[in-house]
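Asker: Dropping the structure in here first, questions after.
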Amino acid sequence: MRPLPRRARATRAGGDYVIEQAPARGGDGGERGVVAEGPVGSRWAGRFRVFRYEVRCWRGGVIPDLDEAVDSPRQLTSDPAAAQRVLDLTPRVPAAVWGRDELGAGEMWNSNSIVAWLLARSGLDAESIRPPAGGRAPGWGAGLVVARRD
């Protein structure tokens, strides 16, 4: 089974935006739209850059592995206001420990959790989204659970 991509794309006036979770890189994150960082594996390990991830929301970003996605892209809405809500929420995504259930949501927090959280908090029907045949989305439920709490 191939995993779903760990990125999302939003379009609004002014262009396309890519939202993704990826390993943290050094330097100024502004050129790649870094809006949040979190630890990988444990809070303690997150003190070291190699154990950190970053959440990016960048205009004109590239999804290099889009061709590897099982059933993508999926257009969830054509409402510009909904796309704007997703973009506005991105800096507020919980920066929980990646790969752990630190938030007590019943499964680990990961990139799928971030996308599910963003969609649910923006008012889109993230509960109805299911992986395509042959796909999987571990962590998706964690994003939905945490979004309902906030």
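Asker: Using Cα-Cα distances under 8 Å and only pairs 6 or more residues apart, what relative contact order does the chain have, in percent?
Answerer: Working: 279 pairs, mean separation 38.9, N = 150.
In percent, rounded to a whole number, it is 26.
Asker: At 1.002 mPa s and 20 °C, plugging the Kirkwood radius over alpha-carbon pairs of segment 73-124 into Stokes-Einstein gives what diffusion coefficient in µm²/s?
Answerer: On the way: Rh = 11.9 Å.
Approximately 180 µm²/s, per Stokes-Einstein.
Asker: Also: Ignoring everything except DSSP H segments at least 4 long, calculate the 222 nm mean residue ellipticity for the chain; use -39,500 (n - 2.57) per segment, divide by total residues, nearest 500. Numbers along the way, then the final one.
Answerer: Numbers: 3 runs with 31 residues, N = 150.
Here the helix-only value at 222 nm equals -6000 deg cm²/dmol.
Asker: Under the 0.36 nm per residue contour assumption, what length would be gained going from the current alpha-carbon distance of Val50 and Val62 to full extension? Write down the numbers at each step before the final one.
Answerer: Details: separation 12, 0.36 × 12 = 4.32 nm, distance 2.25 nm.
Roughly 2.1 nm would be gained on extension.
Asker: Let me ask another. If you put +1 on each Lys and Arg Cβ and -1 on each Asp and Glu Cβ, how big is the dipole of the chain around its Cα centre, in Debye rounded to 20? All intermediate terms of the calculation are to be shown ahead of the outcome.
Answerer: Working: 22 positive and 18 negative charges, 58 e Å.
Charge dipole of the chain: 280 debye, to the nearest 20.
Asker: Convert 4 °C to kelvin, take the viscosity as 1.567 mPa s, use the Kirkwood radius over C-alpha pairs of the chain as Rh, and evaluate the Stokes-Einstein diffusion coefficient in µm²/s, rounded to a whole number.
Answerer: Numbers: Rh = 15.6 Å.
Using the Kirkwood radius from Cα pairs, D works out to 83 µm²/s.
Asker: Running a GNM on the chain with Cα contacts under 10 Å, which residue among Gly135, Gly27, Gly104 ends up with the highest mean-square fluctuation?
Answerer: Gly27
Read the figures in this text as sums done on the coordinates, not as results from a lab. Everything numeric in this text was worked out from a predicted model, so none of it was measured. Counting neighbours? That spans all protein chains shown, and the Cβs are built from the backbone with ideal geometry, glycine included.
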